[in-house]
Structures are given as C-alpha cells and as structure tokens.
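**Student:** Attaching a single structure in structure tokens format; questions to follow.
Any read-out appearing in this document is the output of simple, stated calculations on the displayed coordinates, not a laboratory observation. It should be emphasised that the depicted structure is a prediction, and the values quoted were computed from it without experimental measurement. Neighbour counts are summed over all protein chains in view; Cβ atoms, including those assigned to glycine, are modelled from backbone coordinates with ideal geometry.
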Amino acid sequence: MSSSLLPQRLLRRVYYAVRHGARVHTPHISLDTSVGRESIVRDGAVVRRSTLGACCYVNSYAHIYHADVGPFCSIGPAAQIGPNEHLLENVTTCETLYPPSELDRVHRRNAERTRLDADVWVGSGAVVLKGCRLGVGSVVAAGAVVRDSVPPYTIVAGVPARGIRLRFPEEVVGRLLEARWWERPVDRLKAALREAGRDGDGLDAGRFLDALARR
C-alpha cells in the first residue's frame, strides 16, 4: 500500500469510529458519506456521497456512488452501485471533448441517487445502475446488471437482470413488510433470531416474526 494513503486511512478509521461507530478500512470514502453504527467498509472499497444504514457490510473493492443504502445490506466484492454513466446519445462518449453545457448534463445525470432498501444483498461483481431501487430483502446474483427497480424479497440474475423467484411465499413476504422488522432495535432482532433458530431447523422467517411479535 502506498505510504501516502496511510494518513488518509488512519483519518477515516478514526473519524468513522468516533463519529459513526463504524469500522472503515478504506481511505477511498468521502467524508460527506454517513455510515451507520456497526457497519463495516472493507479495504479497497470506494464510497462517494452516499449513506449507509446500520449494520451494513461493504466488501473489498466495491464501488458505491450517490446511493442511499438501508440497514442490514451486504455489498459483495467488486460490486458497483450507481456507477457513473456517459451520454450515449452524443456523437462521442469522451467527456474531454464536451463543451461546458454537456459536462453539466453529465454531472447532473451522475448525481442521480440509487436506493437500496433494508436487508438487500448485492452479489460479487454485480452492477446496479443509477436510479434503480432495490426493495427490502431483495438479492442480486453475482455478475448481474440491474437496470430496473427490483420488488421486495425478489431474487434477480443475469444481464440484464430478471426476476428468478421470491425468497419466501407471498404471504410471508407480506408479513415481513408489514412488520417493518428492520426498524426494530438490534438487540430485539438478535433475541428473536435466537428464539427462531432454537429447534435447529434454521432461521425460519415465520418463526422469527412470531418471536418478534412477543417482544
């Protein structure tokens, strides 16, 4: 690692640990990015002008630009969220040749926000294009390219990404969305998950919701 990056890495680790209660291991994160408590951003990740909710995990070399990421999201290695785009309708995509008016148009387009709701998993090397919204609990398969919004608890895969299936039956999805479990305190969520998994049959969504309702 370049010695010039050591002060930046230290600055950001201290800043985000003290101010946000998060672990940030990369110097490539802008200080206008907010990172929720207990979130982790691994070395080599790039995060610019974004918000990360609590308990998020951003793996190595993922890139996140102008995005609002909800709590409990997981971003795989080398995934890209809201990468910058070019003006395909122009005669050239090379911005060096653009007059100021066209550069302004590029900058406005690249400032468009991308949104990930709670508990979204974006797999390794996947790309989520600008302006998309990934619903609660949705999953993007490794290497997929998402160009449209994704409904809650839907698994998408491919180039371009298409829906494969729901993670749970529609009735369970409805209960999960109604419960808005991601807004509950983390200690209550952990207790409900422990109770749901006591029979050794995994963390069943229905049992989790029943346990959470008792708390």
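**Student:** Please list 13-22, 45-54 highest first by mean number of surrounding beta-carbon atoms within 10 Å per residue. List each step's numbers first, then the result.
**Tutor:** Numbers: 13-22: 15.1, 45-54: 20.5.
Those peptides, ordered most packed to least, come out 45-54, 13-22.
**Student:** With +1 assigned to the C-beta of every Lys and Arg and -1 to the C-beta of every Asp and Glu, and no other charges, what is the dipole magnitude of region 77-167 about the Cα centre in debye, to the nearest 20?
**Tutor:** Rounded to the nearest 20 debye, it is 360 debye.
**Student:** With Cα extents along the principal axes in Å as the read-out, I listed (1) 63, 41, 25; (2) 68, 32, 31; (3) 49, 38, 36; which label goes with the value calculated from this structure?
**Tutor:** It is the one labelled (1).
**Student:** Now a separate question. Determine the dipole magnitude for region 5-183: charges of +1 sit on the beta-carbon of Lys and Arg, -1 on that of Asp and Glu, nothing else is charged, the reference point is the Cα centre, and the result goes in debye to the nearest 20. If you can, show how the numbers build up before the last one.
**Tutor:** Values: 22 positive and 17 negative charges, 89 e Å.
Computed about the Cα centre, the dipole is about 420 debye.
**Student:** Using just the helices of the chain, give the 222 nm mean residue ellipticity in deg cm²/dmol: DSSP H runs with n ≥ 4 each add -39,500 (n - 2.57), and the total is spread over all residues, rounded to 500. Each step should come with its number before you reach the end.
**Tutor:** Values: 5 runs with 57 residues, N = 215.
Calculated from helices alone, the mean residue ellipticity at 222 nm is -8000 deg cm²/dmol.
**Student:** In the chain, if the dipole is taken from +1 on Lys/Arg beta carbons and -1 on Asp/Glu beta carbons about the Cα centre, which of 212, 161, 103 is farthest to the positive end?
**Tutor:** 212
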